[in-house]
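The block underneath contains the structure these notes are about, expressed in structure tokens.
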Amino acid sequence: MFRKNDDHNQERLFSHFSQLDTRLQKRLLNTWAPVFYDNVFSKIDETPFAVLYCADNGRPNFPINILLALEFIKHWKDLTDEELLEQASFNYQVAYAIGLRDLGEEYIAPRTLYDFRERIYRHALLNGSDGDLIFDQFKKLTDHFFKLTGVKTDDQRTDSTFVTPNIQKAGRLSLAFDVLFHAVQICPQNILPDDLQAVIKPQFKTDLLYKTKSKGLQVRLENLLNLSGQLLSITKGMSDLVKRQPIVLLERFLKEQGIYNEINDKWTAKESGSSFANSLQSAHDPDATYRKKGRVGSTGYISNITETCNKENQAQLITDYNLEKNTVSDVEILKERMVEIKNRTGLKNMYADGGYYAESIEKVAQENNVTMHYSAMGGTKPKNDKVSFDQFNIKDYKIIITCPKEHQPNRTQFNENDKTLSAHFDVEVCKKCPLLDQCPIKLQKKEAVIRVSQKRLVADETRAKLEDGGRQYATSYRAAIEGTNSALKRGQSMGKLQVRGIHKSRVVVGLKMIGRNFQQAMHCLTRQAKKAAKVLKGIGNKLDIPLSRGESALVAS
């Protein structure tokens with residue numbers, strides 16, 4: 001049964017804190033713990049988590065804000081569960097941060113944490129993106145951090161990075177064995193022939209994976225495919241088995257990696273490298289996909305983050321994040337997220353690398369009064385000896401008003417179906433034009449005609465901005481987000497997660513983002529406090545006013 005935890009709002013006359021030496025109390029109040037308590041723990045909205053519990057039956061839940069706060073600390077400080085529980089039990093800083101004023105006031109069992117996570121994962125699985133309770137907390141806490149630190153959100157940058165779940169990269173033979181092994185495990189042994197029962201015996205795996213020469217790989221793989229086909233035939237009429245995930249994955253793997261010959265009633269393996277990026281990559285994570293980005297290939301997911309980058313900010317905060325299968329392009333992710341980022345943060349300028357450039361991105365940006373800045377551009381660059389279309393006077397990407405020499409067309413048209421502009425000029429005027437050799441116009445008997453797609457217009461306009469100093473400007477703003485991704489992957493273990501499945505991975509990534517933002521907010525507040533203390537010290541020196549112990553300690557730090 002759900003119950004909110006507001007016991008921490010009632011101050012106690014006697015507690016472990018009140019028993020501390022006053023000097024230790026001051027030292028504690030100058031650490032991260034009270035900042036976390038005031039600006040994270042006390043700002044957690046427990047109400048959305050009521051859906052995880054029965055409304056009117058059962059014992060009250062363990063305090064949600066304590067469990068969430070512990071998860072934030074775990075992913076901020078990159079702790080294991082054992083380290084986290086030890087810190088919560090014996091570290092008074094952590095206890096203070098999560099609203100406890102006495103050590104041992106609450107016993108937090110490992111199972112309590114695990115059950116809470118399982119409830120969140122299950123809710124996300126059943127409700128999709130609408131059930132992401134952690135993302136809702138991220139937005140609320142980040143909005144509070146904006147007000148707390150005064151961080152400006154008009155300028156933002158975005159970038160993506162690979163995220164690997166807790167799986168091992170497997171070859172086709174190893175993957176075929178894993179999929180078949182799990183499917184055989186859930187089947188009653190009395191319905192299986194001897195050759196399928198042998199699959200779950202340790203010696204079968206040893207002989208298959210470690211005693212197979214390279215020349216025999218194809219034969220062994222096709223043997224596994226035929227065993228898989230045999231198992232599917234046996235379980236075909238068993239409704240209680242065919243819906244279970246191991247059997248579903250077995251059928252998926254067989255379709256993706258095998259070819260069935262009806263004449264011989266045999267399965268043969270498809271050629272290596274012929275499978276799609278969306279094909280099954282792990283028997284333990286059906287959501288993971290494969291993608292190669294540049295020279296780097298990865299199995300798993302892709303995380304896209306957006307953060308502030310106004311140079312007046314004393315620290316930059318993450319404003320938005322998303323986790324998708326790594327076959328989803330950067331363009332698709334940004335196109336989906338830009339409107340929400342704009343509405344929530346007042347975005348005006350977005351800085352990105354060339355991988356985010358697309359006509360659809362430019363269209364969404366213009367519709368929402370956002371200016372895109374790219375550090376580079378992909379695609380084919382126009383020849384230098386040709387006039388680019390950004391030199392034409394074009395209205396709304398639909399009407400060509402004049403050419404670079406300010407000649408007006410006799411008529412102009414826009415085709416809504418293929419999004420193409422055309423303009424017809426006086427052929428005699430064009431023949432005498434000094435730019436004729438560089439102009440993309442085509443001379444006909446009676447007219448000179450020019451045709452161009454809207455996509456080409458947007459590309460030429462964007463490329464012109466880059467060449468006009470925009471590239472260096474955008475690069476200086478965008479580059480630091482790679483450092484943010486690096487800090488998340490190396491300092492908070494986002495590069496290799498300890499969970500599997502896209503829904504669990506999204507939850508864990510969200511917790512890491514909240515931890516990262518608290519760390520950045522702490523940096524910002526510390527810098528602001530030091531700056532204020534220096535000003536206060538200067539005023540005190542001029543007026544001959546001595547500083548307090550706390551102020552002196554802050555300046556000294």
Checklist entry - Only one of (1) without any contact (Cβ under 8 Å) to a residue 40 or more places away in the chain; (2) surrounded by fewer than 21 Cβ atoms within 10 Å (Cβ to Cβ) fails for Leu254. Which number is that? => result (2)
Checklist entry - touching a residue at least 40 places away in the same chain (Cβ under 8 Å) and part of a helix (DSSP H, G or I) - does that describe any residue in the range 148-157? => result yes
Checklist entry - Can you find a residue in the range 11-31 that is among the small types (Gly, Ala, Ser), at pLDDT 95 or above and assigned by the TED database to the domain that holds Arg119? => result no
Checklist entry - Hey, any hits in the range 45-66 for a residue that's charged (D, E, K, R), closer than 24 Å to Leu323 by Cβ, touching a Lys or Arg at 6+ places or on another chain (Cβ under 7 Å) and outside the structural domain of Leu28 (by the TED database)? => result no
Checklist entry - Residues of the range 65-83 being aliphatic (A, V, I, L, M), over 21 Å from Arg3 (Cβ atoms) and buried (at least 21 other Cβ atoms within 10 Å of the Cβ), which ones? => result Ile73
Next on the checklist: Tell me whether the range 164-183 contains one or more residues that are in contact (Cβ under 8 Å) with a residue 24 or more places away in the chain, over 28 Å from the mean Cα position of the chain (by Cα), surrounded by fewer than 18 Cβ atoms within 10 Å (Cβ to Cβ) and not in a helix (DSSP H, G or I).
Outcome noted: no
Checklist entry - Given Gly258, Gly229, Gly294, which one is of a type in the set (Gly, Ala, Ser) and under 23 Å from Ala480 (Cα atoms)? => result Gly294
Next on the checklist: Condition check: under 26 Å from Gln519 (Cα atoms), out of contact with any Gly (no Cβ under 7 Å at 6 or more places or on another chain) and at pLDDT 95 or above. Does Asp102 satisfy that?
Outcome noted: no
Item to check | Unmet requirement for Arg117, which otherwise passes all of (1) assigned by the TED database to the domain that holds Leu70; (2) without any contact (Cβ under 8 Å) to a residue 40 or more places away in the chain; (3) charged (D, E, K, R) | outcome: (2)
Checklist entry - Pick from the range 107-135 the residues that are among the acidic types (Asp, Glu) and surrounded by fewer than 16 Cβ atoms within 10 Å (Cβ to Cβ): which of them is farthest from Pro286 (Cα to Cα)? => result Asp115
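Residues checked against (1) free of Cβ contacts under 8 Å to residues at least 60 places away in the same chain; (2) in contact with a Gly (Cβ under 7 Å, 6 or more places away or on another chain):
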site	(1), (2)
Glu307	no, no
Asn310	no, no
Thr319	no, no
Lys325	no, no
Val328	yes, no
Leu334	no, no
Val339	yes, no
Tyr357	no, yes
Item to check | Qualifying positions in the range 389-444 - basic (Lys, Arg) and either closer than 24 Å to Ala459 by Cβ or surrounded by 14 or more Cβ atoms within 10 Å (Cβ to Cβ) (or both) | outcome: Lys395, Lys398, Lys405, Lys419, Lys442
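The values are calculated or read from the model by the stated rules, or taken from the named source; none is laboratory data. The shown structure was predicted, so the numbers you read here are calculated from the model rather than taken from an experiment. Counting neighbours? That spans all protein chains shown, and the Cβs are built from the backbone with ideal geometry, glycine included.
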